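Read the structure below first, then the notes.
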Amino acid sequence: MARNRTLEYLLNDLNTLLFVAIALMVGMYHLFFYATRYSERQYLWFGLGSVCFAVNAIAFSAWGGLLLNRLGPAYRCTDASGHVAAV
C-alpha cells in the first residue's frame, strides 16, 4: 500500500523531472558552447545558472526527496544549490 502511494506521489511530480531534464540539457549545451568559445562568457554564466537551477528544482521536488533521503543532509544540498543559483 505504501509503495503504491509513493509511486503515485512521484508520478504526480513528473513534470518537475521533465523540467529538470530540459534545464540540464540547456545548461550542458551552453557549457559546451563556452568550451569551444572562451571569449563568450555569457555561455558560461547561462550554462552554470541553468545547471544550478535544475539542481535546485530537483532538490525541492518529490524526486529529490527520494534521492537525497538516502544520501543524508538534504536541506544542506537544497540551500547550497539555491544560493549558487541566486548568484
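The values are calculated or read from the model by the stated rules, or taken from the named source; none is laboratory data. Model, not experiment: these values are computed from the prediction. Using ideal geometry, Cβ is built from the backbone for each residue, glycine included, and neighbour counts are taken over all protein chains shown.
Per-residue answers, yes or no, for (1) loosely packed, with under 11 Cβ neighbours inside 10 Å; (2) modelled with pLDDT of 90 or more; (3) touching a Pro at 6+ places or on another chain (Cβ under 9 Å):
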{"site": "Tyr9", "(1), (2), (3)": "no, no, no"}
{"site": "Leu14", "(1), (2), (3)": "no, no, no"}
{"site": "Met28", "(1), (2), (3)": "no, yes, no"}
{"site": "Phe33", "(1), (2), (3)": "no, yes, no"}
{"site": "Ser39", "(1), (2), (3)": "yes, yes, no"}
{"site": "Pro73", "(1), (2), (3)": "yes, no, no"}
{"site": "Asp79", "(1), (2), (3)": "no, no, no"}
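Look at region 1-18: where a residue is aliphatic (A, V, I, L, M) and a partner is outside any helix (DSSP H, G or I) and modelled with pLDDT of 70 or more, sitting 6+ places away or on another chain with Cβ atoms under 8 Å, you get Leu17/Ser61.
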